[in-house]
Amino acid sequence: MLGYVSVKEAKKYGCTHHGSYYGIPVWLDILDQGSLVMMAKWSPMDYAIDCVSVLEGIIRPLRFPDEPNCFQVKVLREI
């Protein structure tokens, strides 16, 4: 599929896990201290990630004002 990042390519970029961001399949590189790097498994979904992250940045502080902003990423399994 055009624009799909394979497991081999994801490992080359340093990704270590499968993940999901509001249903969007992503590759994750889990770094020290709880931070991570995220990239879409299919490159056109980068635009969806941008849109969802903007909406999350607007809605999350309204619904949960006492919690810090963060991405709601599900870490699934290792590659």
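Anything in segment 23-32 that is surrounded by 18 or more Cβ atoms within 10 Å (Cβ to Cβ) and either in contact (Cβ under 8 Å) with a residue 60 or more places away in the chain or in a loop (DSSP other than H, G, I, E, B) (or both)? List them, or say none.
Passing the criteria: none in range.
Hey, among the residues in segment 37-62 that are assigned to a loop (DSSP other than H, G, I, E, B) and in contact with a Gly (Cβ under 7 Å, 6 or more places away or on another chain), which one's surrounded by the most Cβ atoms within 10 Å (Cβ to Cβ)?
It comes out as SER43.
Taking only pairs six or more apart or across chains, which ones have beta-carbon atoms under 9 Å, a first residue in segment 33-53 that is closer than 12 Å to ALA10 by Cα, and a second residue that is in a helix (DSSP H, G or I) and among the small types (Gly, Ala, Ser)?
MET39/ALA10; ALA40/ALA48; LYS41/ALA10
Where residues in segment 28-67 are β-branched (Val, Ile, Thr) and at pLDDT 90 or above, which of them is nearest to the chain's Cα centre (by Cα)?
ILE49
Which numbered condition trips up PRO65, out of (1) assigned to a helix (DSSP H, G or I); (2) without any contact (Cβ under 8 Å) to a residue 12 or more places away in the chain?
The one condition PRO65 does not meet is (1).
Looking at segment 1-22 only, could you name the residues that are touching a residue at least 12 places away in the same chain (Cβ under 8 Å) and either more than 12 Å from MET45 (Cβ to Cβ) or crowded, with 17+ Cβ neighbours inside 10 Å (or both)?
The answer is VAL5, VAL7, ALA10, LYS11, TYR13, GLY14, CYS15, THR16, HIS17, HIS18, GLY19, TYR21.
The values are calculated or read from the model by the stated rules, or taken from the named source; none is laboratory data. Note that the structure is a prediction, hence the values are computed from the model and not measured. Positions of Cβ are generated from backbone atoms using ideal geometry, with glycine treated the same way; all protein chains shown enter the neighbour counts.
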